[in-house]
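**Student:** Quick one: the structure is below, questions incoming.
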2 protein chains.
Amino acid sequence: SDGVNRSQDEIHLHSPLSMPNATGYLWNKKMMFQMTCRGFANALHMQPEPAKYAYGQSFEAKTFLQPEHHYYAGHPGRFFYIKLNNGSLFSLPYEPTRQKLDKFTFIQKQDALRWEVEKDNLRFLLEVKLAEDIALEDWRLELINLGDQDTYIDIYPCFSIGYASWMNQSARFIPQLNGVMAEYITPYQKAEDYPKIKASMDKTVLIADAPIESYDTSTPQFLGEGHMHCPDAIMQSTLFNSSALYETPIAVLQHKISVPASQKVKLSWLFGPCKNEAHAMQLKNRLSKHNTARPAHINSGISIETPDNTLNQMVNTWLPRQLSYHIESDRLTTDPQTRNFLQDHLSSIWLHPKLAKKNLLLALSQQNKNGAMPDGILLHKDAELKYINQVPHSDHNVWLFPFVELYLNETNDYSILAETLAFSDDKKPYSVEEHLERACEYLWSQRDHRNLSLIKQGDWCDPMNMVGIRGKGVSFWLSLASAYAMGIWAKILGTIQQHEKAQKWQDAQQTLNDACNDLGWDGNWYARGITDGDEKFGIAKDKEGQIFLNPQSWAILSGAASQDKTEKILTAVEAKLKTPYGYCMLAPAYTQMDERIGRVTQKFPGTAENGSIYNHAASFYAYALYTQEPARTLTKSKDIAYEVLASMLVSAHDCLKRGQLPNFIPNYFRGAYHQLPEAAGRSSHLFNTGTCAWFYRSIIEGLFGLQQHSGKLTLQPNLPSTWESASISKKIYNANVRINIKRGKQFTLSTDANNLNVKGNEVSGFVENQTYLITLVVPHD
Amino acid sequence: SDGVNRSQDEIHLHSPLSMPNATGYLWNKKMMFQMTCRGFANALHMQPEPAKYAYGQSFEAKTFLQPEHHYYAGHPGRFFYIKLNNGSLFSLPYEPTRQKLDKFTFIQKQDALRWEVEKDNLRFLLEVKLAEDIALEDWRLELINLGDQDTYIDIYPCFSIGYASWMNQSARFIPQLNGVMAEYITPYQKAEDYPKIKASMDKTVLIADAPIESYDTSTPQFLGEGHMHCPDAIMQSTLFNSSALYETPIAVLQHKISVPASQKVKLSWLFGPCKNEAHAMQLKNRLSKHNTARPAHINSGISIETPDNTLNQMVNTWLPRQLSYHIESDRLTTDPQTRNFLQDHLSSIWLHPKLAKKNLLLALSQQNKNGAMPDGILLHKDAELKYINQVPHSDHNVWLFPFVELYLNETNDYSILAETLAFSDDKKPYSVEEHLERACEYLWSQRDHRNLSLIKQGDWCDPMNMVGIRGKGVSFWLSLASAYAMGIWAKILGTIQQHEKAQKWQDAQQTLNDACNDLGWDGNWYARGITDGDEKFGIAKDKEGQIFLNPQSWAILSGAASQDKTEKILTAVEAKLKTPYGYCMLAPAYTQMDERIGRVTQKFPGTAENGSIYNHAASFYAYALYTQEPARTLTKSKDIAYEVLASMLVSAHDCLKRGQLPNFIPNYFRGAYHQLPEAAGRSSHLFNTGTCAWFYRSIIEGLFGLQQHSGKLTLQPNLPSTWESASISKKIYNANVRINIKRGKQFTLSTDANNLNVKGNEVSGFVENQTYLITLVVPHD
């Protein structure tokens, strides 16, 4: 056994050793909180820029959330030293003493992380939730004496605060708070940064409900000659009651607890950022509150039953949770990349269509009147484009179209096209239709003499930054993605009876597709691009970066790939990109800088965009295979598409190798399977990813084949060949529809409702809030 | 005893526990290397921007060298695990196992750091030097078996490499190198940063001379479930031979050594940054070389003998070393602040006058034609103004004048004034004299209607950034410093017979001094400034920041302070600013932001500019008391000035409280003695400081009273009242002069040389390379 139990509600891990970096996560609208099973923590809160309230021991760089976060002894965490009257010392959850526990379970719940630990006839039920509305951790410990002797215990919550500032940092115990407050001045040098500094919550508090026997707030004094596994202060009968005077702060408290035989005791703590002492005192009132960030289960209106239980759990519980995290947090940024913003909020269309509409309008309000979308969408007035958003990318316009397509199909709300709003550089209001038309025109304008799309300093692949840095290089992927976008727009224009314009964009789509077929087809797959120096890459004669997944997926999506080409693509992808842990984004991974291509080739082989199993890319592939003719009608497509999706899910047989719990889909697993097999399959543990929405979409529109359009539902399921049945429940035009699919001799579609119109595989006439059962019989291929 | 032995040559510390953060340092022109007695290390090398080759475990922020660096378990270090065949495990120097050693001595030598350790009948002599010309650590271990049994030992050098990059980091063992190479790509996102990245030495090597039994290069694999004090790998018979594949690198080797009874064995390692594998192989050749960065002793041409042995050692050995570090490293920056550059290179005037001249011309070549000096001096073509140099400060011009004064006095090379060079914004050549005239004019132009100098966003006190942010606030210190600068310039102009101009600057000096006396005198001391809002501060009615040291020192230097005022100043400074650990820069320290004053009030009370014993400021005070009438002639001045200087030196009675060895003068000791007595006196451990040159100057021109001018030497010694004799040897106009001073009834000056002209306390006629003995008898006051 892998020591993991999974269910719709909870995931249990029974050892702190088998997957030391396995994490759970919580969030609310103000913060994100991720913790390893062993007790290390990463937390960010928005004020409005992302900030920490607990740091490491050295002065850390500000950076975006990184994959494969490195945990180390001394990493910030939430620890509880336990000292028994028999002299035994251990810690919860497991770090930092690393003492063997009699029982250990780490639980990812919907709204909590929980540990159930037993040691020396004591049971510890430790749980953390987040407050609903503010950045605050709510910790509860229930301690049960399983023995027949009264027990006296010292409990020392020990919460890292760390090195926050070289300007000013300190911490002290505040008796009336019954806790510790650390204070720091975010370091700065320019006067113009002062207003931001002034507004920031640069204090961290740990507040207890139980009486405090002693405390420490100075890291060096607390540790003395000891290490974190046996600090000098813990070895004494009481802590040193130290203040941190320009020393690295820590919050450690001592509670002396007696637990009568067979009785239990409950303790609570709050931990989080605060503004000042008065604010801290307000927080203290929440000790007695029921703090919880969200309902126990996120209802997306969609649930499935299939023979694949891992898939069921992911789609019914963990994925909606991850979708919801993306929608609510915007990845803890104030300037999400336009590409991410539009894809993350695909999920809003299912979960919260009004929010989806609002966000589409927000994005379009930042569009330039020449049609170009900016690199990032600014979410508040002081937000600025940061990090990668200061590098010009060429693909942002593409993502408007799948968004609008899904929005219209799901809501049938074509009135949105008539809404009016200004451009960022033109105050006059224009219709959404005009915004989208210009977005398409902009894509069309950004092509070269060969009718291929200019890549500039990167497309979907951010770090592919030197292919077109001199202004000449082109991207086959972007050309195909532009064609796909134009195809969508043509379809929408057709629906609203703008046939002339529709034809124009169909022609444009064809022009781009033709150019890609003429210049991009390498014999067995599509090339990735042509460099400034007019060298084609992503082709068979390349030693590294020989084949990229994205051009294949999007040649299918755009309609460029004929049946013959599609079959060759499927064969090549299986041969070159498939690994036991999923489908790589390119292979072989680059092992050195290729200055024709750029920064992507400098990333470590098999990580991130350099040939990992980059799930976002893999989800495009599955979606393409499921939904686009002629790929969909190839018999093997269904099984491959399912395999692509299934291999993103951590399962019992590869859990340990991936090192991750099945509570989210990470942005990648290590690729480079043939080059560095020892690392292949490892999870990035980063749950920020464009994968989620496309995975969800692939299940709904692809595997179950529910295609909505203009009030109609078309049913075109693509069950894997081994499945005999499956069912899905989904809101369809606000009706509650359940669809049962079974294998049979020939296709039949029946329903329990008289008022539905059924025509072939097409159903219409859904009435809001009504409940429908549709039964589908589908033959094996 | 404090466990410290001091001598001219070496400083010995006999415990790793008494002063855990005590450090020694080495440098060459490419790097700086600082290590604690226990084995933690900080190293920076220039390529040409400062870079690290060993990092902590989290992704560290790039920042300038900070005071009170925080060392923690897991901090980068150079460690040697020792495993004996009796199973005992300990480590050298002391971290990370922290096992008790039988004997421990940490030695700061001139050109090496050394440890002499005994444990279990084994003696370990461990030493590190730097290569002379490149960034490279040369480690040697001599192991002596003191017993009568042959011994078998496992030695594991364990050198931190740490978290260098989220883009790409790895490490591997290279057999032909007999060592480990770690590789990383400095993380970046913008294509324009690539050329810098490409040129940088982003590899780190550890190379051994002895055979390697096994190795580890992956931190998580090396540690396993162990901590740094007992890594899993060390607990095995051999290491895991791990490669770091996008994991945090470390370099650990296992050597199996046998040492026959009473015999010794020697081992060597090299550690440092490198470019590539070929470069690493070149470095390997240095294993057999005698790598050493400098001669055993830096000869400044100056030495003293006084009753104060701590002072003798500092002035004769450790201070020239620190001066030399400043001259050669420019504080590991490529854009030293103009203020620092001109004061650090005061030392070049004594140690290397040609370099001093070159640097003055370099600084003046970056002057604006309006006379303004820039905020930093760029040392190479790609250097940029960074950090604090992006904030406009008002004092940079001041520092030209003490520099030129000392240069002319020491060298008598007035020809420099006729050298010509361009301004940064005017290609036409102008004489140095014209540059300096315009520098003075610029200072004169930057005053308000009250004849007080505008402070802008800070003067000498960098973080005093809000006093004049609206363009109105003024600085009494800067007004006085400008007056002092003009006074110097007037004297120089007088010397070169430019009497009219000289008179103009004397008048200007008087105007500024008068304005300060009219508006700045607060009754018992001078105020610090007047804010934009027209509020005077640094005055008796202020609760915090009531008195600042600098305006007092510079009112004496500028000649503003009458005898009456000077006496009041001395009394106030003794009462308000003196502490057992030295003289604070202001008191009481600010405990909260004062938005009238700015960032200085946000620093932690008693640290840095917020009321620490900021030695740079204290050295101005000593220099003022020693050299300027009427202060000098006040009886108590001599003893106070000596006290000010002596209290900067770590001595036997306060070593433990300061936590520092007497091998350098730090930039500060904690002040706020009355507010936070528990922390007062702690060293910043930062040896970058403008103090050194002014301390040296105070000893030479002040305590010994050697005033050089136009080929003459005036002798005006200011021995502390308790001293009966003292002597100094110094190059005077390139002659070797020794001056013996004794107490006697009345002043007499005699010499062994016939060819010297003696007139009162004035001597002239020195001939280059001749040796002279001058004997001085001075009465008690």
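**Student:** Within segment A:628-649, can one find any residue that is within 20 Å of A:Y71 (Cβ to Cβ), touching a residue at least 24 places away in the same chain (Cβ under 8 Å) and in a loop (DSSP other than H, G, I, E, B)?
**Tutor:** no
**Student:** Another one. Would you list the strands (runs of 3 or more DSSP E) that sit entirely within segment A:87-157 and hold 1 or more residues that are of a type in the set (K, R)?
**Tutor:** Of the strands (runs of 3 or more DSSP E) lying wholly inside segment A:87-157, those with at least 1 residues that are of a type in the set (K, R) span A:103-108, A:113-119, A:122-130, A:137-145.
**Student:** Could you check segment A:63-97 and list, in sequence order, the residues that are aliphatic (A, V, I, L, M) and open to solvent by less than 30 Å² (accessible area, probe 1.4 Å)?
**Tutor:** A:I82, A:L84, A:L92
**Student:** Go through (1) within 22 Å of A:L125 (Cα to Cα); (2) of a type outside the set (S, T, Y); (3) more than 14 Å from chain B (Cβ to nearest Cβ) for A:L44 and report which single condition fails.
**Tutor:** For A:L44, the exception is condition (1).
**Student:** Just name the residue that is surrounded by the fewest Cβ atoms within 10 Å (Cβ to Cβ) out of those in segment A:439-460 that are among the charged types (D, E, K, R) and within 31 Å of the chain's Cα centre (by Cα).
**Tutor:** A:K456
**Student:** Let me ask something additional. Are any residues in segment B:390-420 surrounded by 21 or more Cβ atoms within 10 Å (Cβ to Cβ), closer than 26 Å to B:V474 by Cβ and not acidic (D, E), and if so, which ones?
**Tutor:** B:H393, B:S394, B:H396, B:N397, B:V398, B:W399, B:L400, B:F401, B:P402, B:F403, B:V404
**Student:** Are there any pairs with C-beta distances below 6 angstrom linking a residue in segment B:403-432 that is closer than 19 Å to B:A485 by Cα to a residue that is exposed (fewer than 14 other Cβ atoms within 10 Å of the Cβ) and of a type in the set (V, I, T), with the two at least 6 apart or on different chains, and if so which?
**Tutor:** As it stands, the answer is B:S431/B:T420, since those pairs meet every condition given.
**Student:** Being of a type in the set (S, T, Y) and under 22 Å from A:Q628 (Cβ atoms) is true for just one of A:S721, A:S729, A:S764. Which residue is that?
**Tutor:** Going through A:S721, A:S729, A:S764 in turn, just one is of a type in the set (S, T, Y) and under 22 Å from A:Q628 (Cβ atoms): A:S721.
**Student:** Looking at this structure, is B:E60 of a type in the set (D, E) and either open to solvent by 10 Å² or more (accessible area, probe 1.4 Å) or in contact with an Asp or Glu (Cβ under 7 Å, 6 or more places away or on another chain) (or both)?
**Tutor:** When the stated conditions are applied, B:E60 passes them.
**Student:** Hey, can you tell me all the residues within segment B:63-74 that are at pLDDT 85 or above and facing chain A (nearest Cβ under 8 Å)?
**Tutor:** B:Q66, B:P67, B:E68, B:H70, B:Y72, B:A73, B:G74
Yes or no, residue by residue, for (1) under 24 Å from the mean Cα position of the chain (by Cα); (2) crowded, with 23+ Cβ neighbours inside 10 Å; (3) within 14 Å of another protein chain (Cβ to nearest Cβ):
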position: B:P666; (1), (2), (3): yes, yes, no
position: B:Y673; (1), (2), (3): yes, yes, yes
position: B:G681; (1), (2), (3): yes, yes, yes
position: B:T689; (1), (2), (3): yes, yes, no
position: B:E701; (1), (2), (3): yes, no, no
position: B:H709; (1), (2), (3): no, no, no
position: B:S721; (1), (2), (3): no, no, no
position: B:A726; (1), (2), (3): no, yes, no
position: B:Y733; (1), (2), (3): no, no, no
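**Student:** Considering only segment B:544-560, state which residues are in contact with a strand residue (DSSP E or B) (Cβ under 7 Å, 6 or more places away or on another chain) and not in a loop (DSSP other than H, G, I, E, B).
**Tutor:** B:I547, B:F548, B:L549, B:P551, B:Q552, B:A555
**Student:** Considering only segment A:47-56, state which residues are open to solvent by less than 30 Å² (accessible area, probe 1.4 Å) and either in a loop (DSSP other than H, G, I, E, B) or facing chain B (nearest Cβ under 7 Å) (or both).
**Tutor:** A:Y53, A:A54, A:G56
**Student:** Condition first: part of a loop (DSSP other than H, G, I, E, B), touching a helix residue (DSSP H, G or I) at 6+ places or on another chain (Cβ under 6 Å) and closer than 16 Å to B:F687 by Cα. Now tell me which residues in segment B:599-627 satisfy that.
**Tutor:** Matches in segment B:599-627: B:E609 only.
**Student:** Consider segment B:479-509. How many of its residues are assigned to a helix (DSSP H, G or I), more than 13 Å from B:G559 (Cβ to Cβ) and of a type in the set (A, V, I, L, M, F, W, C)?
**Tutor:** Number of matching residues: 4.
**Student:** Taking the condition of being open to solvent by less than 40 Å² (accessible area, probe 1.4 Å) and either outside any helix (DSSP H, G or I) or touching a Gly at 6+ places or on another chain (Cβ under 9 Å) (or both), how many residues in segment B:202-227 meet it?
**Tutor:** Qualifying residue count, segment B:202-227: 17.
**Student:** Of the residues that sit in segment B:598-643 and are within 11 Å of chain A (Cβ to nearest Cβ) and in contact with a Ser or Thr (Cβ under 8 Å, 6 or more places away or on another chain), which one is surrounded by the fewest Cβ atoms within 10 Å (Cβ to Cβ)?
**Tutor:** That would be B:P605.
**Student:** With the condition kept exactly as written, say whether any residue in segment A:520-543 is in a helix (DSSP H, G or I) and either in contact (Cβ under 8 Å) with a residue 24 or more places away in the chain or within 30 Å of A:A646 (Cα to Cα) (or both).
**Tutor:** no
**Student:** How about segment B:566-597: which of its residues are over 16 Å from B:R670 (Cβ atoms) and either crowded, with 24+ Cβ neighbours inside 10 Å or more than 14 Å from chain A (Cβ to nearest Cβ) (or both)?
**Tutor:** If the condition is that a residue be over 16 Å from B:R670 (Cβ atoms) and either crowded, with 24+ Cβ neighbours inside 10 Å or more than 14 Å from chain A (Cβ to nearest Cβ) (or both), then B:T566, B:E567, B:K568, B:I569, B:L570, B:T571, B:A572, B:V573, B:E574, B:A575, B:K576, B:I597 are the ones that fit.
**Student:** List every residue pair whose Cβ atoms lie under 8 Å apart, where the two residues are 6 or more positions apart in sequence or sit on different chains, the first residue falls within segment B:7-18 and is within 14 Å of chain A (Cβ to nearest Cβ), and the second residue, located anywhere, is of a type in the set (A, V, I, L, M, F, W, C) and open to solvent by less than 40 Å² (accessible area, probe 1.4 Å).
**Tutor:** Partner pairs satisfying both residue conditions: B:S15/B:F104; B:P16/B:C37; B:P16/B:L101; B:P16/B:F104; B:P16/B:F106.
**Student:** Of all residues in segment A:156-177, which are buried (at least 23 other Cβ atoms within 10 Å of the Cβ) and away from chain B (no Cβ under 12 Å)?
**Tutor:** Of everything in segment A:156-177, those that are buried (at least 23 other Cβ atoms within 10 Å of the Cβ) and away from chain B (no Cβ under 12 Å) turn out to be A:Y156, A:P157, A:C158, A:F159, A:I161.
**Student:** Does B:E137 qualify as being free of Cβ contacts under 8 Å to residues at least 12 places away in the same chain, out of contact with any Lys or Arg (no Cβ under 7 Å at 6 or more places or on another chain) and either farther than 19 Å from B:Q221 by Cα or surrounded by 17 or more Cβ atoms within 10 Å (Cβ to Cβ) (or both)?
**Tutor:** When the stated conditions are applied, B:E137 does not pass them.
**Student:** What's the number of the only condition in (1) part of a loop (DSSP other than H, G, I, E, B); (2) at pLDDT 95 or above; (3) in contact with a Gly (Cβ under 8 Å, 6 or more places away or on another chain) that B:S237 fails to meet?
**Tutor:** Among (1) part of a loop (DSSP other than H, G, I, E, B); (2) at pLDDT 95 or above; (3) in contact with a Gly (Cβ under 8 Å, 6 or more places away or on another chain), B:S237 violates only (3).
The values are calculated or read from the model by the stated rules, or taken from the named source; none is laboratory data. Quick caveat: nothing in here was measured; it's all calculated off a predicted structure. Note that we place each Cβ from the backbone using ideal geometry, even for glycine, and neighbour counts take in every protein chain shown. These area figures cover heavy atoms from the full protein model, side chains too; ligands, DNA and RNA do not enter into them. Shrake-Rupley method; radii C 1.70, N 1.55, O 1.52, S 1.80 Å.
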